[in-house]
Amino acid sequence: MSTLLLSSWSREVQSVPANYVFPKDKRPGGDIEVPVCKDLPVIDLSQLDGIDHRVKIVQQIMKANRDFGMFQVINHGVSEELADETMTLFKEFFNMPTEDNAMYYSEDGTKGFRLYTSTMNYIKDGVNTWKDSVRHNICQPLEDDIQSWPENPPRYRELVGAYSVEVRKLSSRILDLICEGLGVELGYFGRNELSKRQSLIVHHYPPCPDPSLVLGICGHTDVNLLTLLQQDISGLQIFKDGQWLGVEPIPHAFVINISDQLEIISNGKLRSALHRVVTNTSIARTSLNTFIGPSLESIIEPEKALVSASEPQLFKSFRLKEYLDINTANLREAKGTRTLEAYKLDI
Ligand SMILES: O=C(O)CCC(=O)C(=O)O
Ligand SMILES: [Fe+2]
């Protein structure tokens, strides 16, 4: 099955196999090289300790979340060297001969660590997407998880472990700023087990003979609380004001995606961003995506303090696990819809 990995065969093909061709209304067509989203905020986190600066940063984040559901952060405290080394490590991992990765390949989505291809499951996905991925559930203590990770390239366990700790810290800093912006107590998300789950999914999008026909990932919003994304090559697009726009890779920046659960918990004060990934003909793209979210059994609903007579509750409550299952089905069918629409209350 590991021979299904794009990295093992895509270099040899001159045209796109039929199971990767998206229906006409969903494929990117001419929208491969779209204009860059110039207004997407780039927020400098370097002076978080200065009180005036902090207030300004909180305001910038809240505005970015209302306008885009996405922003980039620079001077964020994650070591540039560590981020570069981890990116290089994953590029090496996906360039290894397939027989060296074969033992990690699995179609079992419940596995904490697995290498797979397409959206989530090559066989069950409606249309296959042009990517290979490696997923790590990051639990505490980290030492237990690490045992299931590869030992090659040689510093895999050490770098991915250190990277996960650093990015987790950054997520807490950003969530605290969001708490300040929303007016809920600091540590709100941690205390309520809303930011407990962490996973790192690294996508690898090899060059494609015809990017106009395929998608790396079809249009979707992220399903958890917050995503922290590291990229070095363009391909990520955001849907804004009726058109797809490119999210420019900025060296050493993280792209932050507000995700569905944050939109719901904030009672619509923050918005999750619709985005997708397109491919190109010449260069493989690798992205490192850290997802922070509530534990699966959590009951999710708008925070009571953010609901009032003038701001009525917008979403019904639900168990996260159910929501994730519906979202997975939507993604597999490449519906391009926002799962949270189904949870809106009629008001
Ligand atoms: O590869 C990327 O830039 C984005 C990936 C993504 O949107 C996701 O995994 O949810
Ligand atoms: Fe995403």
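The values are calculated or read from the model by the stated rules, or taken from the named source; none is laboratory data. It should be emphasised that the depicted structure is a prediction, and the values quoted were computed from it without experimental measurement. Note that we place each Cβ from the backbone using ideal geometry, even for glycine, and neighbour counts take in every protein chain shown. Calculation scope for accessible area: heavy atoms of the full protein, side chains included, ligands and nucleic acids excluded. Shrake-Rupley method; radii C 1.70, N 1.55, O 1.52, S 1.80 Å.
Can you pull out the residues in the range 92-124 that are within 18 Å of the chain's Cα centre (by Cα) and not hydroxyl-bearing (Ser, Thr, Tyr)?
109, 112, 113, 114, 115, 120, 121
List the residue pairs whose Cβ atoms are under 8 Å apart, where the first residue sits in the range 127-151 and is closer than 19 Å to residue 6 by Cβ and more than 16 Å from ligand 2 (Cβ to nearest atom), the second is among the hydrophobic types (A, V, I, L, M, F, W, C) and open to solvent by 40 Å² or more (accessible area, probe 1.4 Å), and the two are 6 or more positions apart or on different chains.
Cβ pairs passing all conditions: 127/21.
Enumerate the helices (runs of 4 or more DSSP H) found wholly within the range 33-115, keeping only those where 1 or more residues are more than 20 Å from residue 180 (Cβ to Cβ). Can you show your working first?
Working: elements: 51-67, 80-95, 98-101.
Fully inside the range 33-115 and qualifying: 80-95, 98-101.
Working only within the range 224-280, note down all residues that are among the small types (Gly, Ala, Ser), touching a Leu at 6+ places or on another chain (Cβ under 7 Å) and free of Cβ contacts under 8 Å to residues at least 40 places away in the same chain.
Within the range 224-280, 259 is the sole residue that qualifies.
How about the range 248-299: which of its residues are within 30 Å of residue 12 (Cα to Cα) and either of a type in the set (S, T, N, Q) or in a loop (DSSP other than H, G, I, E, B) (or both)? Before the answer, list the steps.
Taking the range 248-299 as the starting set, the residues that turn out to be within 30 Å of residue 12 (Cα to Cα) are 248-249, 275-289.
Result: 248, 249, 278, 279, 280, 281, 282, 283, 284, 286, 287, 289.
So for the range 87-97 (the condition being in contact (Cβ under 8 Å) with a residue 40 or more places away in the chain, more than 26 Å from residue 3 (Cα to Cα) and open to solvent by less than 10 Å² (accessible area, probe 1.4 Å)), does at least one residue qualify? Outline the logic, then answer.
Looking only at the range 87-97, we keep the residues that are in contact (Cβ under 8 Å) with a residue 40 or more places away in the chain, and these are 87, 89-96.
Okay, now just the ones that are also more than 26 Å from residue 3 (Cα to Cα), so none.
No, because not a single residue in the range 87-97 is in contact (Cβ under 8 Å) with a residue 40 or more places away in the chain, more than 26 Å from residue 3 (Cα to Cα) and open to solvent by less than 10 Å² (accessible area, probe 1.4 Å).
Quick one: how many residues across the range 235-247 are away from ligand 2 (no atom under 13 Å from the Cβ) and in a strand (DSSP E or B)? Full working, then the answer.
The first filter runs over the range 235-247 and keeps only residues away from ligand 2 (no atom under 13 Å from the Cβ), leaving 240-246.
After this cut, where a residue has to be in a strand (DSSP E or B) as well, the list is 240, 243-246.
Looking only at that region, the number is 5.
Among the numbered criteria (1) buried (at least 18 other Cβ atoms within 10 Å of the Cβ); (2) touching a Leu at 6+ places or on another chain (Cβ under 8 Å), which one does residue 173 miss?
All conditions pass for residue 173, except number (1).
Hey, can you tell me all the residues within the range 193-234 that are open to solvent by 10 Å² or more (accessible area, probe 1.4 Å), out of contact with any helix residue (DSSP H, G or I) (no Cβ under 9 Å at 6 or more places or on another chain), part of a loop (DSSP other than H, G, I, E, B) and closer than 19 Å to residue 31 by Cβ?
Result: 210, 211, 212, 233, 234.
If a residue must be open to solvent by 30 Å² or more (accessible area, probe 1.4 Å) and within 20 Å of the chain's Cα centre (by Cα), how many such residues does the range 281-294 contain? Before you say what the answer is, go through the steps one by one.
First pass over the range 281-294, keeping only residues open to solvent by 30 Å² or more (accessible area, probe 1.4 Å): 281-284, 291.
Adding the requirement that they be within 20 Å of the chain's Cα centre (by Cα) leaves 284, 291.
Summing the residues that are open to solvent by 30 Å² or more (accessible area, probe 1.4 Å) and within 20 Å of the chain's Cα centre (by Cα) in the range 281-294 gives 2.
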